Amino acid sequence: MWFYTRRAFWILIAWVIIANALFFYEYFTLISHNVLSSSFDFNQAFIANLIVAVSAGLIGGIVTVNLMERWLRKNAFWKALVYITIAYCVAALLVSTFGALYFYSEELSLPFYHTDVVYQVQIFFGTWLFIKNFIVWLVVVIVTLIVLIVNDKYGPGVFPDYLMGRYFMPKNERRIFMFADIKNATGIAEDLGEEKYFNFLKDFFRDIAPAIVQTQGEVYQYVGDEIVVSWKMKSGLKNGNALLCFYSMKQIIKFKKRRYQKKYGVKPEFKAGYHFGSVMVGEIGQIKREIAFSGDVLNTTARIVSLCNELGVDILASKEFANMAYKLPKGVSMQEVGKEKLRGKAEEMELVTYSRNGS
């Protein structure tokens, strides 16, 4: 809910800014050409425009845009396009009605429900002003949808970096990584079959997404039954976000376990490994471009998570990470595991595990 509330808020702010920018552009354009008559009421026009902008932002941010995005994900493109067109027309008529009722109510000094006001509103829907606004806001909605879809493609926080060309040239960054994968994934896949197992993974990755977003994590990769999440150092260490992500994921799956049992006959149990270090970050690929990480920290984190089953724990981290991430989420405590040999590594590494409220 927080993710959608925050997104709706920013859509509202962005659309109000766009509406006011368009209003003042047209206003000053008309003034410069001496088109406006002395009867023009600036306050009346501005408030009507503001009503339309706020109504559009609220309806669009809370309902319309979310529905459109869902239709694009759940339906064939042509069917989603039909739904989006209908929804936009309904929303445009509704929002325009709010603004027109106010404007003509003030213009005629009559209540908004008066027949003369309603008649003027009906005439308004056939004017060039309505048609122009209809087309302009159609473009605004489409651009908003494109931004949201592309942001989902690259993940929250990644798209702005991509758009600004931050990683056009490779650069070195220090980052925290979490590798999390489902326990006994092979056995579950054999029991469920390919299609049902795919839907099982799809539900799992969708359900844990809020935990990643709320802790300011960035999804780097989905690899089979494994998800790789990355944090910039400041974001991951703040309030123990990186570790909090794991426990929030656990809480979400615990809350939804009955649904998994009913639908699949099994609930996902997962383990996670943590490490941090320097990586090279940059855009890579020619036919399909993406932002990629390269560095030993990735291999090390993958080796750490692979030891969870052997050591009988759900979460493991390097002692280096534990020393850096000393600010733990509420109720979480650290226990040292000792030195362990990581596959492919010449030297042993000190590892730690965590528990929450004694669990």
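When Ala292 is tested against (1) more than 25 Å from Asn184 (Cα to Cα); (2) small (Gly, Ala, Ser); (3) surrounded by fewer than 16 Cβ atoms within 10 Å (Cβ to Cβ), only condition (3) is not met.
Among residues of the stretch 171-194 that are not assigned by TED's automatic domain parsing to the domain that holds Leu244, none has a beta-carbon under 7 Å from a residue that is aliphatic (A, V, I, L, M) at least six positions away or on a different chain. For the stretch 231-284, a residue qualifies if it is part of a helix (DSSP H, G or I) and either β-branched (Val, Ile, Thr) or on the phi > 0 side of the Ramachandran plot (or both), and the qualifying residues are Asn239, Gly240, Ile252, Ile253. Go through the residues of the stretch 182-189 one by one and say whether even a single one is small (Gly, Ala, Ser), modelled with pLDDT of 80 or more and surrounded by 15 or more Cβ atoms within 10 Å (Cβ to Cβ). Yes, the stretch 182-189 contains a residue that is small (Gly, Ala, Ser), modelled with pLDDT of 80 or more and surrounded by 15 or more Cβ atoms within 10 Å (Cβ to Cβ).
One residue stands out in the stretch 157-176 among those that are modelled with pLDDT under 80 and in contact with a helix residue (DSSP H, G or I) (Cβ under 7 Å, 6 or more places away or on another chain): the one that is farthest from Arg6 (Cα to Cα), namely Tyr167. Would you check which residues across the stretch 14-55 are closer than 22 Å to Ala91 by Cβ and loosely packed, with under 12 Cβ neighbours inside 10 Å and list them? Selection gives Ala21 alone. Scanning the stretch 303-355 for residues that are surrounded by fewer than 18 Cβ atoms within 10 Å (Cβ to Cβ) and basic (Lys, Arg) yields Lys319, Lys327, Lys330, Lys339, Lys341, Arg343, Lys345. A Cβ distance below 8 Å, combined with a sequence gap of six or more or placement on separate chains, defines the contacts here; from the stretch 290-306, residues that are more than 12 Å from Tyr220 (Cβ to Cβ) reach residues that are of a type in the set (D, E, K, R) in the pairs Thr300/Lys345; Arg303/Arg343; Arg303/Lys345; Val305/Asp181; Val305/Lys271; Ser306/Arg343.
Considering the stretch 256-281, and only residues there that are of a type outside the set (A, V, I, L, M) and closer than 18 Å to Asn299 by Cα, the residue that is surrounded by the fewest Cβ atoms within 10 Å (Cβ to Cβ) turns out to be Ser278.
Rundown of residues vs (1) hydrophobic (A, V, I, L, M, F, W, C); (2) under 16 Å from Gly338 (Cα atoms); (3) modelled with pLDDT under 95, yes/no style:
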{"site": "Met280", "(1), (2), (3)": "yes, no, yes"}
{"site": "Gly285", "(1), (2), (3)": "no, no, yes"}
{"site": "Ile291", "(1), (2), (3)": "yes, no, yes"}
{"site": "Asp296", "(1), (2), (3)": "no, no, yes"}
{"site": "Val305", "(1), (2), (3)": "yes, yes, yes"}
{"site": "Gly312", "(1), (2), (3)": "no, yes, yes"}
{"site": "Glu320", "(1), (2), (3)": "no, yes, yes"}
{"site": "Asn323", "(1), (2), (3)": "no, yes, yes"}
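The sole residue among Phe40, Phe23 that is assigned by TED's automatic domain parsing to the domain that holds Val147, modelled with pLDDT of 85 or more, aromatic (Phe, Trp, Tyr) and more than 22 Å from the chain's Cα centre (by Cα) is Phe23. In this structure, does Met334 turn out to be touching a residue at least 60 places away in the same chain (Cβ under 8 Å) and in the same structural domain as Thr301 (by TED's automatic domain parsing)? Taking the combined requirement at face value, the residue does not satisfy it. Right, Thr64: within 30 Å of Lys202 (Cα to Cα), buried (at least 18 other Cβ atoms within 10 Å of the Cβ) and hydroxyl-bearing (Ser, Thr, Tyr) or not? Yes; evaluated as a whole, the condition is true for this residue. Pull up the stretch 68-96, narrow it to residues that are modelled with pLDDT of 85 or more and surrounded by 18 or more Cβ atoms within 10 Å (Cβ to Cβ), then point me to the one that is nearest to the chain's Cα centre (by Cα). Within the stretch 68-96, the match that is nearest to the chain's Cα centre (by Cα) is Ala91.
The values are calculated or read from the model by the stated rules, or taken from the named source; none is laboratory data. None of the values given here were measured: they were computed from a predicted structure. No Cβ is skipped: glycine too gets one built from the backbone with ideal geometry, and neighbour counts run over all protein chains shown.
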